[in-house]
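Read through the structure below, which is laid out as structure tokens, and then see the notes.
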Amino acid sequence: MEEKKLFTVASSPHICSPVATRNLMLDVLIALAPALCFAVYFFGPRALLLTAVSVLGCEFFEWGYRKLLHKPAAGGDLSAAVTGVLLAFVCPVTLPYWMVLLGDFFAIVVVKQLFGGLGQNFLNPALAGRAFLMLCYPVAMTTWVLPGVDSWAGIVSAANAVTGATPLGADLMHKGLLPDASLMDMFVGNIGGCVGEISALALLAGGIYLLVRGVIRPYVPVSFLAAVAVLTLIFPKGGNGNFEWMMYNVLGGGLMLGAFFMATDYVTSPVTNKGEIFFGIGCGLLTVFIRYFGGYPEGVSYAILIMNVCVWTLDKVGRPSRYGLTAEAKQAKKEGTKS
């Protein structure tokens, strides 16, 4: 007797892939490791502890929220850990631990979970958390230590740390003046700044790793960096040399971190090729406009947040043509829609 086999019909997608969210997030954490190492080298162990506190805070708030509302656990997808690292990276090493935990709560609960969890948020959680902290604690968020002055004593409190300005935060470049730091210092990371933003070298290495692994595509970071480079090259400020001014703008602030790790977030960036290019160009233009004409010397985070809310439109504009649809069919479809 022939055995009867049941044919099960399931919803799409029908293709299984070994690449899961956890694998992607693990690659992102690996790519962020060089920047963390440079931060610990220049700022001391408090940079590591601040990052660890932020990661634990994000994981706890995600677990607590889903437990409280009787939702299934996130399953250790490491997305909260990535948010924790990125939020710590855009904060000064002197920030009190309780403040970074407030930022974690806002990023995970308000921005991510209240909108449905992973894949539903329309803003980058880490950048939204930073914007929240900037709004509530502007002094603490703009107090940076100079490289090499933090120590093991700074683990508990960084109140006695020697503070100094960043190349962008000194308000010199905002006025068209070049900072004292050399281009090599800015490339390596021997400058004041946020925990994970200082070393363009480490961030570039991490970005290349993500590109090689196929975690991100080059459209967003290349168009982002190119827009900033071209605009600052053509329109330098303060009578500075075009190329030198451009390099200070490209290496300074959070541009590298934003281009490779923030703007490329799967959930809050476009999915079409054209959309990604427009998104990156928009981020670059807004970054330069804020740096040049805004009241805040750095504009990467706000530029990305503004472009996050434009993603739906960019995907609609960049949507490719349907295969096999003729020009006559397109015209008929438009006329039918209008009627």
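Only residues that are within 23 Å of M307 (Cβ to Cβ) and among the aromatic types (F, W, Y) were counted in the range 206-245, giving 3. For G103, the conditions (1) surrounded by fewer than 24 Cβ atoms within 10 Å (Cβ to Cβ); (2) part of a helix (DSSP H, G or I) all hold with the exception of (1). Before we move on, is F224 touching a Leu at 6+ places or on another chain (Cβ under 7 Å), at pLDDT 95 or above and open to solvent by less than 50 Å² (accessible area, probe 1.4 Å)? When the stated conditions are applied, F224 does not pass them.
Checking each residue in the range 259-275 for being crowded, with 19+ Cβ neighbours inside 10 Å and closer than 11 Å to N308 by Cα picks out M262, A263, T264, D265, T268, S269, P270.
Candidates in the range 70-100 are the residues that are modelled with pLDDT of 90 or more and surrounded by fewer than 19 Cβ atoms within 10 Å (Cβ to Cβ); of these, the one that is nearest to L133 (Cα to Cα) is M99. Candidates are the residues of the range 119-136 that are under 25 Å from A35 (Cα atoms) and assigned to a loop (DSSP other than H, G, I, E, B); the one that is least open to solvent (accessible area, probe 1.4 Å) is N124. Only residues that are modelled with pLDDT under 90 and part of a helix (DSSP H, G or I) were counted across the range 179-195, and they come to 3. Go through the residues of the range 25-36 one by one and say whether even a single one is within 19 Å of S199 (Cα to Cα), open to solvent by less than 60 Å² (accessible area, probe 1.4 Å) and out of contact with any helix residue (DSSP H, G or I) (no Cβ under 7 Å at 6 or more places or on another chain). The answer is yes, given that some residue of the range 25-36 is within 19 Å of S199 (Cα to Cα), open to solvent by less than 60 Å² (accessible area, probe 1.4 Å) and out of contact with any helix residue (DSSP H, G or I) (no Cβ under 7 Å at 6 or more places or on another chain).
Within the span defined as the range 291-306, one or more residues are open to solvent by 60 Å² or more (accessible area, probe 1.4 Å), at pLDDT below 90 and part of a helix (DSSP H, G or I).
The values are calculated or read from the model by the stated rules, or taken from the named source; none is laboratory data. Since this is a predicted model, take the numbers as computed values, not measurements. Positions of Cβ are backbone-derived with ideal geometry, glycine not excepted, and every protein chain shown enters the neighbour counts. Heavy atoms of the whole protein, side chains included, go into the accessibility calculation; ligands, DNA and RNA do not. Shrake-Rupley method; radii C 1.70, N 1.55, O 1.52, S 1.80 Å.
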